[in-house]
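Trainee: Got a structure for you, questions after.
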Amino acid sequence: MNRSTKLFFAAAAAVALAGQAAAAYPEKTVNYIIAFGPGGESDVSARLQEPFFRKLTNQTVAIQYKAGAGGAATWSQLNGMPADGYTIVGTNLPHLILQPLEKDVGYKTDDIDTVYWFHYTPDAIIVPVASPLKTLKDLVEAAKKSPGTITFSGSGTNSANHLAQRRFDKMAGIKTTYVPFKGTGASNTALLGSQVTGSWGYTTVRMMLGEQVRCLAVAMESRHPKIPDCPTFKELGYDLVGGAYRGIAVPKSTPRQIKQQVSDLIGKINKTPEFVAKMEAAGFAMLDIDLARTAEFMARKKSEYEALAKEMGIVRK
Amino acid sequence: MPQLDFLISAATPFNLLLAVAGVVAGTVIGALPGLTATMAVAVLVPFTFGMPPASGLIALGAIYTGAIYGGAYSAILLNTPGTPSAIATTFEGYPMAKRGDGDLAITLACIASVVGGLVGALFLLLLAPPLAAVALRFGPVEYFWLAIFGLTLIASLSEGSLLKGALGGCLGVILSTIGTAEVGGDIRYTGDFKSLLGGIEVVPALIGLYCVPVLIDMVATADPHLRLKEKLAGYRLGEALRLACGSKWNVARSSLIGTVVGILPGAGGSIASLVSYAEARRSSPRSANFGHGEPDGLIASESANNATVGGGLIPTLVLGIPGTPPDAVILGALMVQGVRSGPALFSVQSQIVYTFIYGLFIATILMLPIGLLIGRHAFRSLIAIPKAILVPAVAFLTVIGAYAVQNSENDVLQMVLLGIAGWGLSRFGFSASPIVLGLILGPIAEAGFVQGTLIGGAKGSVLAEFFTRPISVAIICLIVLSLFYPLVLQRKRLPAMRRQSGPAQ
């Protein structure tokens, strides 16, 4: 009797707790602000999350765009937004670390509380399919033979692509020329037109351009499931893992409990097999850095990027 | 006959419904100043995710083409391009509306848009893969020269003083350098204002420079905003058709220019409409009438900008590279749908592509009745609304439009300040168009120059990179031609000008 009563109460409590948790968040539409324009990777990944968000919560997300100053227009205003978990903002690395180093953009890296890093687009070296460079080794040898003549298109200056080019040049002891373009689309145009030797892009570029291009290496721990023919830099002897990371942030003053709820929800979406399949088919690589681990992750990335930024001379005096 | 199957699957009742709804939604959004075609597509994209890919694409294509046409309404009736693609439509459309031919201008814009749209779609249907290959021949250096060529159009776009036009163009280019350089990353001319780090956005600048002066003038004068010739004459369709047929070469040339500019990634409807306007003006027998409500200029601009829809989709679908800004959104939607763009799309997933292309044809044709109908309402209500309501309503729209571009209060401030500055400058004979042209083309020229220099440097010779590539040489020849053309024209015109007295309004 005693035991069953206890069980009953335990069960009732569990049901109540579960009910409370389900009712607590989200109870209404969540505003999801993208710090870039529509059509980019941040937008596409949010669009892919949307149906699963709806399925898991019975609530909708309203995706909004607030582009400007490479994302800083949104991030500088993040902490003034409602801190109730109903306004979430997409965040990006290396942007969040590099921008405040370069100039006064109205926010500091530590001001931004990302509660979950949910995927990244790994850096990749892509060449046109007709290129004589068949492997990374070919590329390194060509670069060693005539320093500076190998040109890479990439999106933006001091961007993830640019950083990757610098890192790899140093690792391989080569000198290549990085040509910045306005956005991935323009960089891809130069790549397909063979205006440049190749491109420092992402796995998503390889997926989007398909058989028109060849991927020489990706900056992942292991090969991308949808691009199995492209080796990792690690396999080839270069310790290069990274890319552009994307997360979800809420205003700093948001209560810890709500932060946890947002983090849990994004994590739940991230573990839906159907979502993972769609993300990977588009070339994204999944990442699961939840609230408990974001601080450690950011600290690691900060020291990594800061060292690079100093080397590149982009740190504001 | 697989093509017929595609046509049939494009014409299912559901797809037809989507085409109608898309064109209507696009036209209305495009007509509001500041709400661009890109935004129309972006806002409505989520509705298409639940649909089969081909249907979703048809809806997006219909919205896109409708929005490009809708931009003409505010261009004609308010002198404010509803989308950047309609900049050149203001040059003749507004003077036409001023003198009482607003209804004719709108009908004409509709016919020109439909024809231009069909030409663009035809190229998409028949020649997409080879044309996409041509687009790839354009490297950074070619874009640099193209932008310079575009800047020489100032010569044919400036009313009155060429010097003032050139100065306006310079001002536009300088304004475009404000903020963080896209290529190179340096921060320029921000005066430590964080709000200027992102630079000056084209659309708010457009609204400010074109619309604010009109609003100020509306308030400053007692006349009604637009005059009516006599009674409302209906659509004036017959008259418009006669005009369009009369300049069929203009329509063909402008549609072709629009298609080609659309194919080039990075150049969109705004450049297409400006280039074909300048070309129409150069070759028209009535070139002296340009600027005073010459239908030829309106036809050129409107057929060109709708031709960019089909043209821009060529690199988008064939290469996976957006041809115009709205195409970037469409490409994102394709990714979400799990449809791979690229050469394989035309063979492996031909069902989707061809159904979409036929759907685009259908949507473009549907634009004729829909556009005429909406246009008539827009025109009538604008005539009927008293100024005391019209001015605050439009002023409100300009604020919304400037804000909506990137949900930023900053852009609203920029819009108002540039508008007031533009009004002041117009008092001294500086028109808005050269400034806007500089603002649009400056960044293209700059990026092309820096990239060309970097690539040329890596190859061993910067000069060879800029001056020996065949397409570059061809564009340089065009530039020389374009620069010296006004001098020839002036010599021809001078006696005629002397005979006429007084500056034209």
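Trainee: Being in a helix (DSSP H, G or I), within 14 Å of chain A (Cβ to nearest Cβ) and of a type in the set (Val, Ile, Thr) is true for just one of B:Ile444, B:Ile479. Which residue is that?
Mentor: Details: B:Ile479 fails: within 14 Å of chain A (Cβ to nearest Cβ).
Going through B:Ile444, B:Ile479 in turn, just one is in a helix (DSSP H, G or I), within 14 Å of chain A (Cβ to nearest Cβ) and of a type in the set (Val, Ile, Thr): B:Ile444.
Trainee: Against the conditions (1) at positive phi; (2) more than 14 Å from chain A (Cβ to nearest Cβ); (3) not small (Gly, Ala, Ser), where does B:Asn407 fall short? Just the number, please.
Mentor: (2)
Trainee: Also, quick follow-up: Please state which one of B:Ala31, B:Ala72, B:Ala88 is within 16 Å of the chain's Cα centre (by Cα), within 19 Å of B:Val399 (Cβ to Cβ), away from chain A (no Cβ under 14 Å) and buried (at least 24 other Cβ atoms within 10 Å of the Cβ). Full working, then the answer.
Mentor: On the way: B:Ala72 fails: within 19 Å of B:Val399 (Cβ to Cβ); B:Ala88 fails: within 19 Å of B:Val399 (Cβ to Cβ).
Going through B:Ala31, B:Ala72, B:Ala88 in turn, just one is within 16 Å of the chain's Cα centre (by Cα), within 19 Å of B:Val399 (Cβ to Cβ), away from chain A (no Cβ under 14 Å) and buried (at least 24 other Cβ atoms within 10 Å of the Cβ): B:Ala31.
Trainee: Please give the number of the condition B:Val405 fails out of (1) closer than 30 Å to B:Leu126 by Cα; (2) crowded, with 19+ Cβ neighbours inside 10 Å; (3) of a type in the set (A, V, I, L, M, F, W, C).
Mentor: In the conditions (1) closer than 30 Å to B:Leu126 by Cα; (2) crowded, with 19+ Cβ neighbours inside 10 Å; (3) of a type in the set (A, V, I, L, M, F, W, C), B:Val405 misses (1) alone.
Trainee: From the list B:Ala267, B:Ala278, B:Ala252, which residue is buried (at least 21 other Cβ atoms within 10 Å of the Cβ), part of a helix (DSSP H, G or I) and touching a residue at least 60 places away in the same chain (Cβ under 8 Å)? Walk me through it before giving the result.
Mentor: On the way: B:Ala267 fails: part of a helix (DSSP H, G or I); B:Ala252 fails: buried (at least 21 other Cβ atoms within 10 Å of the Cβ).
Step by step, each of B:Ala267, B:Ala278, B:Ala252 is checked, and only B:Ala278 is buried (at least 21 other Cβ atoms within 10 Å of the Cβ), part of a helix (DSSP H, G or I) and touching a residue at least 60 places away in the same chain (Cβ under 8 Å).
Trainee: Output the number of the condition that A:Ile125 fails; it satisfies all remaining conditions of (1) assigned to a strand (DSSP E or B); (2) over 24 Å from A:Gly201 (Cβ atoms); (3) away from every other protein chain (no Cβ under 14 Å); (4) not aromatic (Phe, Trp, Tyr).
Mentor: All conditions pass for A:Ile125, except number (2).
Trainee: Look through segment B:15-28, keep the residues that are among the small types (Gly, Ala, Ser) and without any contact (Cβ under 8 Å) to a residue 60 or more places away in the chain, and return whichever of them is surrounded by the most Cβ atoms within 10 Å (Cβ to Cβ).
Mentor: Filtering first and then ranking leaves B:Gly26.
Trainee: Considering only segment B:34-69, how many residues are outside any helix (DSSP H, G or I) and either charged (D, E, K, R) or within 14 Å of chain A (Cβ to nearest Cβ) (or both)? Give the derivation first.
Mentor: Filtering segment B:34-69 for residues outside any helix (DSSP H, G or I) gives B:34-36, B:49-52.
This time we only want the ones that are either charged (D, E, K, R) or within 14 Å of chain A (Cβ to nearest Cβ) (or both), so: B:35-36, B:49-51.
Summing the residues that are outside any helix (DSSP H, G or I) and either charged (D, E, K, R) or within 14 Å of chain A (Cβ to nearest Cβ) (or both) in segment B:34-69 gives 5.
Trainee: Now, a different point. Which residues, taken from segment B:161-195, are outside any strand (DSSP E or B) and in contact with a strand residue (DSSP E or B) (Cβ under 6 Å, 6 or more places away or on another chain)? Give the derivation first.
Mentor: Residues of segment B:161-195 outside any strand (DSSP E or B): B:161-178, B:181-186, B:189-195.
Residues satisfying the conditions are B:Thr177, B:Val183.
Trainee: Can I ask one more? Can you tell me which residue is modelled with the lowest pLDDT among those in segment A:120-164 that are at positive phi and crowded, with 20+ Cβ neighbours inside 10 Å? Walk me through it before giving the result.
Mentor: Applying the first criterion (at positive phi) to segment A:120-164 yields A:148, A:156, A:158.
When the remaining residues are screened for being crowded, with 20+ Cβ neighbours inside 10 Å, the result is A:156, A:158.
Values: A:Gly156: 89, A:Asn158: 85.
Among residues in segment A:120-164 that are at positive phi and crowded, with 20+ Cβ neighbours inside 10 Å, the one modelled with the lowest pLDDT is A:Asn158.
Trainee: Select from segment A:193-204 the residues that are of a type in the set (Ser, Thr, Tyr) and assigned to a loop (DSSP other than H, G, I, E, B) and write down the one among them that is farthest from B:Glu142 (Cα to Cα). Break it down into steps so the answer makes sense when it comes.
Mentor: Filtering segment A:193-204 for residues of a type in the set (Ser, Thr, Tyr) gives A:194, A:197, A:199, A:202-204.
Applying the additional criterion that residues be assigned to a loop (DSSP other than H, G, I, E, B) yields A:194, A:197.
Numbers: A:Ser194: 14, A:Thr197: 18 Å.
The selected residue is A:Thr197.
Trainee: Now, a different point. Checking the condition touching a helix residue (DSSP H, G or I) at 6+ places or on another chain (Cβ under 9 Å), buried (at least 21 other Cβ atoms within 10 Å of the Cβ) and of a type outside the set (Gly, Ala, Ser), which residue from B:Ile385, B:Ile357 passes? First the steps, then the outcome.
Mentor: On the way: B:Ile385 fails: buried (at least 21 other Cβ atoms within 10 Å of the Cβ).
Result: B:Ile357 is the single residue among B:Ile385, B:Ile357 that is touching a helix residue (DSSP H, G or I) at 6+ places or on another chain (Cβ under 9 Å), buried (at least 21 other Cβ atoms within 10 Å of the Cβ) and of a type outside the set (Gly, Ala, Ser).
Trainee: Out of curiosity, is A:Ser263 assigned by TED's automatic domain parsing to the domain that holds A:Lys301, modelled with pLDDT of 95 or more, more than 20 Å from A:Pro38 (Cα to Cα) and buried (at least 17 other Cβ atoms within 10 Å of the Cβ)? Even if it seems obvious, please write down each step before you answer.
Mentor: Working: assigned by TED's automatic domain parsing to the domain that holds A:Lys301: yes; modelled with pLDDT of 95 or more: yes; more than 20 Å from A:Pro38 (Cα to Cα): yes; buried (at least 17 other Cβ atoms within 10 Å of the Cβ): yes.
The answer is yes for A:Ser263.
Trainee: Quick one: would you say B:Thr190 is under 25 Å from A:Ser155 (Cα atoms) and buried (at least 23 other Cβ atoms within 10 Å of the Cβ)? Steps first, answer last, please.
Mentor: Values: under 25 Å from A:Ser155 (Cα atoms): yes; buried (at least 23 other Cβ atoms within 10 Å of the Cβ): no.
For B:Thr190, the condition - under 25 Å from A:Ser155 (Cα atoms) and buried (at least 23 other Cβ atoms within 10 Å of the Cβ) - is not met.
Trainee: May I ask you to say which residue of A:Thr203, A:Thr176, A:Thr184 is in contact with a His (Cβ under 6 Å, 6 or more places away or on another chain) and more than 7 Å from chain B (Cβ to nearest Cβ)? Before you say what the answer is, go through the steps one by one.
Mentor: On the way: A:Thr176 fails: in contact with a His (Cβ under 6 Å, 6 or more places away or on another chain); A:Thr184 fails: in contact with a His (Cβ under 6 Å, 6 or more places away or on another chain).
None of the others qualify; the one that does is A:Thr203.
The values are calculated or read from the model by the stated rules, or taken from the named source; none is laboratory data. This is a predicted model, so every value here is computed, not measured. Quick reminder, even Gly has a Cβ in these numbers, built from the backbone with ideal geometry, and neighbours come from all protein chains shown.
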